[in-house]
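Visitor: Once you've had a glance at the structure underneath, I'll fire off some questions.
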Amino acid sequence: MFPIVEAKPLAAAVKQFKIAAPEIAKKRKPGQFIVLRINEEGERIPLTMADADPEAGTITLIFQELGKSTEQLGKLKAGDMISDLIGPLGVPTHIEKFGTVVCVGGGIGIAPVYPIAKAMREAGNTVLSIIGARTKNLLILEEEMAKVSHSLKVSTDDGSYGYHGFVSDILQNVIDEGTTINLVVAIGPVPMMRVICNVTRNQKIKTVVSLNPIMVDATGMCGACRVTVGGRTRFVCVDGPEFDGHEVNFVELVKRQRAYLDQEKLSLETFRHQGGACLGGKS
Ligand SMILES: Cc1cc2nc3c(=O)[nH]c(=O)nc-3n(C[C@H](O)[C@H](O)[C@H](O)COP(=O)(O)OP(=O)(O)OC[C@H]3O[C@@H](n4cnc5c(N)ncnc54)[C@H](O)[C@@H]3O)c2cc1C
Ligand code: FES
């Protein structure tokens, strides 16, 4: 059992949990994730570790309540227990001194980009960060990103805060200003990562994206998370989650992510209809 030591809202439908998991906190590297089950009958939920404190023995998860399982997770409070938690999983981000690294985070994608920006800065890079959300009250980790970045630019789709437009527009402006960029790391919704890759492709700027297909076992055995990268089948849980964005088949990824939409909708409706019990509900 893994106790939740802190649970707080960060934005509309976005929560931050600190969970006691000392062994994982000791080993975790930027880019890695865990898989948790709320209880013994729960669905497996993969979540990136936004941070870890090896001394306190805690990991930090930031998640958006999207469907049944994340909504159920969001109902838990400090003191409640998570029944299963495995990790750290996935290949850590390749961190070295590249020169100038642009870290782009969209929506909940700001959470996984944060530890990468921090590590890139610690490795001696100049870190230019661009974060964005649909609207101001969905924007997370602005202060934290500002602390680890040499410069931070913010956008909102509706213009309620910062630049009125998309993170990709800001990246295009930074490129047009003549800034030399050695690497772009982009994490967010698939359409966002795809557009960012289109912006950087012409300039031949190496671009790393973090993919979040549906996962089941997270051990490379079930095949649920397969994606095509550079014409080869890869499993995001063991080969990723990060890949060269210019090689990802985004069209296939979108199709596979939508495969269970009807069942996911039904599962959420049933959960809400049953009163959204936080423990003991079947998935
Ligand atoms: C490596 C990895 C890291 C992730 N890190 C984070 C994170 O830090 N914060 C965060 O908020 N979310 C993260 N996710 C996404 C998160 O796992 C899903 O939002 C969650 O599993 C949805 O479950 P649900 O039952 O609430 O929603 P569902 O009703 O199952 O689905 C809602 C939506 O989420 C997508 N989805 C469903 N199951 C998964 C799954 N197992 N993996 C990915 N997407 C799924 C569906 O396509 C659908 O569009 C990550 C996913 C992966 C693969
Ligand atoms: S989740 Fe089963 S192979 Fe990756």
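The values are calculated or read from the model by the stated rules, or taken from the named source; none is laboratory data. Remember, predicted model here, so these are calculated numbers, not experimental data. Glycine gets a Cβ as well: all are built from the backbone with ideal geometry, and neighbour counts include every protein chain shown. Protein only, heavy atoms only, side chains kept; ligands, DNA and RNA dropped before computing areas. Shrake-Rupley method; radii C 1.70, N 1.55, O 1.52, S 1.80 Å.
Visitor: Pairs to check: Lys8/Lys147; Lys15/Lys68; Lys18/Lys77; Lys29/Lys206; Lys26/Lys97. Give those whose C-alpha atoms are more than 18 Å from each other in this structure.
Guide: Violating the 18 Å Cα-Cα cut-off are Lys8/Lys147; Lys29/Lys206; Lys26/Lys97.
Visitor: Please get the size of the charge dipole for the chain, origin at its Cα centre, with Cβ charges of +1 on Lys and Arg and -1 on Asp and Glu, quoted in debye to the nearest 20. Working shown, then result.
Guide: Working: 32 positive and 31 negative charges, 59 e Å.
With only Lys, Arg, Asp and Glu charged at Cβ, the dipole is about 280 debye.
Visitor: With a ≥ b ≥ c the root eigenvalues of the C-alpha gyration tensor of region 54-171, is it rounded (a/c under 1.5), prolate (a/b larger than b/c) or oblate?
Guide: It comes out oblate by the Cα gyration axes.
Visitor: Another question, then. What is the distance in Å between the Cα centres of region 6-30 and region 50-107?
Guide: One Cα centre to the other: 6 Å.
Visitor: Name the residue from Leu61, Val174, Val248 whose Cα lies farthest towards the positive end of the charge dipole of the chain, charges +1 on Cβ of Lys and Arg and -1 on Cβ of Asp and Glu.
Guide: Going by the charge dipole, the pick is Val248.
Visitor: Heavy-atom accessible area per residue, region 1-115, 1.4 Å probe: how many Å²?
Guide: 41 Å²
Visitor: Could you pull out every residue, at least 5 positions away or on a different chain, whose amide H is within less than 5 Å of the one on Thr207? Hs are placed 1.01 Å off N in the peptide plane, and Pro or chain starts have none.
Guide: Val184, Gly245, His246
Visitor: Whats the longest run of the chain with zero GluC sites (Glu not before Pro) that are DSSP loop and have at most 15 other Cβ atoms within 10 Å?
Guide: The longest such stretch corresponds to 178-283.
Visitor: By what distance, in whole Å, do the Cα atoms of the chain stretch along each of the three principal axes, largest value first?
Guide: Over the chain, Cα extents along the principal axes are 56, 40, 37 Å.
Visitor: Could you size up the charge dipole of region 63-120 around its Cα centre, putting +1 on the beta carbon of Lys and Arg and -1 on that of Asp and Glu, and report it in debye to the nearest 20?
Guide: Values: 5 positive and 5 negative charges, 27 e Å.
That gives region 63-120 a dipole magnitude of about 120 debye.
Visitor: Please list the non-local residues whose amide H lies under 5 Å from the amide H of Ile82, H modeled 1.01 Å from N, same-chain partners needing a gap of 5 or more.
Guide: Under 5 Å from the amide H of Ile82 lie the amide H atoms of Phe2, Ile4, each far enough along the sequence or on another chain.
Visitor: Whole Å is fine, so just give me how far the alpha carbon centre of region 221-250 lies from that of region 139-155.
Guide: Between the Cα centres of region 221-250 and region 139-155 lies a distance of 29 Å.
Visitor: Could I ask something else about it? I need the calculated FRET efficiency for the pair Asn198 and Asp53, taking r as the beta carbon distance and R₀ as 35 Å, to the nearest 0.05.
Guide: Values: r = 38 Å, r/R0 = 1.08.
The calculated FRET efficiency here is 0.40.
Visitor: Additional query: Measure off, as a whole percent, the carbon and sulfur share of the 1.4 Å-probe accessible area of the chain, all protein chains present.
Guide: Values: 6870 of 13570 Å².
That fraction is 51 percent.
Visitor: Using the Kirkwood radius over Cα pairs, work out the Stokes-Einstein diffusion coefficient for region 134-206 at 20 °C and 1.002 mPa s, in µm²/s as a whole number. Don't jump to the answer; show the numbers that get you there.
Guide: Details: Rh = 13.2 Å.
Estimated diffusion coefficient is 163 µm²/s.
Visitor: Which FRET efficiency value, to the nearest 0.05, is calculated for Leu66 and Thr219 with the Förster distance at 25 angstrom and r the Cβ-Cβ distance?
Guide: Numbers: r = 23 Å, r/R0 = 0.93.
Approximately 0.60, to the nearest 0.05.
Visitor: Then there's this: Starting at the first residue of region 141-148, write each ³J(HN,Hα) from the Karplus equation 6.51 cos²θ - 1.76 cosθ + 1.60 with θ = phi - 60°, in whole Hz, x for Gly and Pro.
Guide: 6, 4, 5, 4, 5, 4, 5, 9
Visitor: Can you give me the angle between helix 261-273 and the longest principal axis of the chain, using Cα atoms only, in degrees from 0 to 90, rounded to the nearest 10?
Guide: Between the helix axis and the principal axis of the chain, the angle is about 50 degrees.
Visitor: Given charges of +1 on the Cβ of Lys and Arg and -1 on the Cβ of Asp and Glu, with all other atoms neutral, how large is the dipole of region 1-133 about its Cα centre, in debye to the nearest 20?
Guide: On the way: 15 positive and 14 negative charges, 56 e Å.
Its charge dipole is roughly 260 debye.
Visitor: Another question about this same structure. For the chain, find the longest principal axis of its Cα atoms and tell me its angle to the long axis of helix 167-176, 0 to 90°, nearest 10.
Guide: 20 degrees
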